[in-house]
Amino acid sequence: MYAATPVRRWTVRLAAPAVAAVVGLIALFLSPWAQSASAHGSIVEPAGRAYGCWDRWGDDHMNPAMEQEDPMCYQAFQANPNTMWNWMSLFQENLAGNWQSKISNGNLCSAGDAQGGLASSLDNVGPWTTTDVGSNFNVHLYDTASHGADFFEVYVTKQGFNPETDALGWDDLELVETTGSYPPASDIEFSVSAPGRSGHHIVYTIWQASHLDQTYFICSDVNFT
Ligand SMILES: [Cu+2]
């Protein structure tokens, strides 16, 4: 009798998370994006559009407040929930450095609609939530697959471009950084400088992964303070 109470409590505490974990695993393996969702990465600082939506709303995606507080994430999630869940898969393969062969004006933020009709909502113009930055700021890649990088190219929109009203084209971008290579790691960080800007801009990061010709294209909305 004395031992029964603590033992039972311990069992119940352990059982609930275990059941949740098993259910979660089954759901993950049944889901169509199980493979791709586990093996890529994105820019998490300043947050890429899809990653930012997942970060802010991933565990609160049924909250009706999203429509008012984060309308661009809301429209993306309504268009297809996978746009948020699959934040790490904004890439094209075998471009041989010719980005514009697949990424056309107006489709830069979806990486040329990388997810085949699922992600073009990321290109929509409007009040995307921004991250405050100064003229010097860090770019942080989080990569669940540790692909490494041949290089990164970081572009920032020119002063005068307005992400809330203007569709993003290649001509709107200014190259501010080209990095060297990085060995495989889950986190890669480097700093860039983009002076002479104020207000809402788009940071456009191109990440050339090292394991094969796989190139990621990521829009991060920033507010230059
Ligand atoms: Cu990958």
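Dipole of the stretch 155-206, Cα-centred, from +1 at each Lys and Arg C-beta and -1 at each Asp and Glu C-beta, to the nearest 20 debye?
Once rounded to the nearest 20, the dipole reads 100 debye.
Just to verify a number: what accessible area does E189 come out at with the full protein assembly present, 1.4 Å probe, Å² rounded to tens?
Its heavy atoms expose roughly 110 Å² to the probe.
Can you tell me what the convex hull of the Cα atoms of the stretch 59-99 projects to on average, as an area in nm²?
Mean projected area of the Cα convex hull: 3.8 nm².
With all distinct Cα pairs included, what does the Kirkwood hydrodynamic radius of the stretch 127-225 come out to in Å, to one decimal, could you say?
One over the average 1/r among Cα pairs gives 14.0 Å for the stretch 127-225.
Sorted by average packing, counted as other Cβ atoms within 10 angstrom per residue and highest first, what order do 152-161, 127-136, 84-93 take?
Packing proxy ranking, top to bottom: 84-93, 152-161, 127-136.
What figure, in Å² to the nearest 10, do you get for the accessible area of S181 with a 1.4 Å probe and non-protein molecules left out?
90
Could you give the size of the charge dipole of the stretch 39-224 about its Cα centre, using +1 on the Cβ of each K and R and -1 on the Cβ of each D and E, expressed in debye and rounded to the nearest 20?
In debye, rounded to 20, the stretch 39-224 gives about 200.
Using the Cβ atoms and a cut-off under 15 Å, what net charge is assigned to the surroundings of W85, where Lys and Arg are +1 and Asp and Glu are -1?
So the surrounding residues net to -1.
I need the peptides 165-178, 197-210 ranked by packing, meaning the mean over residues of other C-beta atoms within 10 angstrom, with the highest value on top.
Put in order of decreasing packing, that is 197-210, 165-178.
Can you pull the Kirkwood radius for the stretch 39-224, inverse mean 1/r over Cα pairs, to one decimal in Å?
16.2
The values are calculated or read from the model by the stated rules, or taken from the named source; none is laboratory data. A quick note: this is a predicted structure, and the numbers were derived from the prediction, not measured. Because the Cβ atoms are built from the backbone with ideal geometry, glycine has one as well, and the counts that use them run over all protein chains shown. Just the protein is used for accessible areas: all its heavy atoms, side chains included, with ligands, DNA and RNA removed. Shrake-Rupley method; radii C 1.70, N 1.55, O 1.52, S 1.80 Å.
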